[in-house]
Each structure stands twice: as C-alpha cells, then as structure tokens.
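Single-structure report; data block below.
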Amino acid sequence: MASWPTGRLLSAAARLVEQRWTARLETLGLSHAGLIALHTLRGGPLSQRALARRCQVTDQTMSRTLDRLSRSGYVTRVPDPLDGRRSLARLTPAGEEVLATSEQIAREDSSVIGALGDDAAFRRQLIELIGHLTGP
C-alpha cells in the first residue's frame, strides 16, 4: 500500500469505513439512507417529496426508506395540516434516540473509523479536500 497513489488509498479507506459503518447501522435497524432521512427530519416534519429532494433521492427510494423507518418506529406519518391529501413524515422519540445513538457511535466508536489520533484535524483536511474537489 505504501506505493499506492493517494486517491487509491482514500478510496480503499472509504470502502472500509463504509463497510464498518453499514454493519454498525444494521445493529440499530438503520441503513445509510434511513440515517440521512432521520437527520433531515430532525429539522421538522416534511412531505415525502420534500424529504426526497433534500436527501437527493427519488420519491420511490424515499417511499421505501420511510416504510422501513416507520416499521421500526423511527418515523410516523401525520396528515399535512395545509393539505389533507398528503402526509408528513415526522421523527418519533425512538427515531430521535436512534439518531443520537448513531451520532455517538460515529464520534466514539474506533471500530468504525479506526484510531486516527487527531480526529478534528483529519476532519478539517477532509472538508478542505472535498471543498477543493467540488469547487466554489
């Protein structure tokens, strides 16, 4: 690996972190998509379409994600007070709890990302890299 280009190292590290994170999320009954939806719903109830747009997925993908989250008790669908024809997805107390647990795991569980040493410095470098690659 010492001879690998930086891009290959980043790609390999990303895959390994994603595999470990996926395994940890599964223990909570979550997927990546479900976690993103819960995080987005923390800001308040949203229609399925608005949630899909904010999460950058199709309406159909969000429908399946909300169905799974609803079966797990992490979200509930409530009537939209402004438009009775549609419903809003809302985070439940169980959803708030699992979201908090996932955030704690992301911060504290070294099995997910490994021992980085100065995590804050590493995060700053990643944010800088992503910003550089995506442009202004």
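The values are calculated or read from the model by the stated rules, or taken from the named source; none is laboratory data. Note that the structure is predicted; figures quoted are calculated from it, not measured. Note that we place each Cβ from the backbone using ideal geometry, even for glycine, and neighbour counts take in every protein chain shown. The protein model used for the area step is the full one, side chains on, heavy atoms only, and it has no ligands, DNA or RNA in it. Shrake-Rupley method; radii C 1.70, N 1.55, O 1.52, S 1.80 Å.
Using R₀ = 35 Å, calculate the FRET efficiency as 1/(1 + (r/R₀)^6) where r is the Cβ-Cβ separation of GLU108 and SER31; round to 0.05. Present the calculation step by step, with values, prior to reporting the outcome.
Numbers: r = 21 Å, r/R0 = 0.60.
After rounding to 0.05, the efficiency reads 0.95.
What's the angle, to the nearest 10 degrees (0 to 90), between helix 119-134's Cα axis and the longest principal axis of the chain?
80
For the chain, what percent of Cα pairs sit more than 24 Å apart?
Tail of the P(r) past 24 Å holds 42 percent of the pairs.
Ignoring any ligand, DNA or RNA, what whole percent of the accessible area of region 22-105 comes from carbon and sulfur when the probe is 1.4 angstrom?
Carbon and sulfur atoms account for 50 percent of the accessible area of region 22-105.
Could you report region 8-136's accessible area per residue, 1.4 Å probe, as an integer in Å²? Walk me through the intermediate numbers first.
Values: 8570 Å² over 129 residues.
That works out to 66 Å² per residue.
Note down the relative contact order for the chain as a percent, whole number, built from C-alpha pairs under 8 angstrom at least six residues apart. All intermediate terms of the calculation are to be shown ahead of the outcome.
Details: 112 pairs, mean separation 29.7, N = 136.
With pairs under 8 Å counted, the relative contact order is 22 percent.
If you stretched the chain out fully between GLN19 and ARG90, how much longer would it get, using 0.36 nm times the residue separation minus the C-alpha to C-alpha distance?
On the way: separation 71, 0.36 × 71 = 25.56 nm, distance 2.84 nm.
Value of the extension gain: 22.7 nm.
Calculated from DSSP H runs of 4 or more alone, at -39500 (n - 2.57) each and per residue, what is the 222 nm mean residue ellipticity of the chain, nearest 500?
Helix contribution divided over all residues of the chain: -20500 deg cm²/dmol.
Ordered by packing density, taken as the mean number of other Cβ atoms within 10 Å over each peptide's residues, highest first, how do 66-76, 18-28 rank? Kindly include the intermediate steps, with their values, before the conclusion.
Values: 66-76: 18.4, 18-28: 13.9.
Going from most to least packed, we get 66-76, 18-28.
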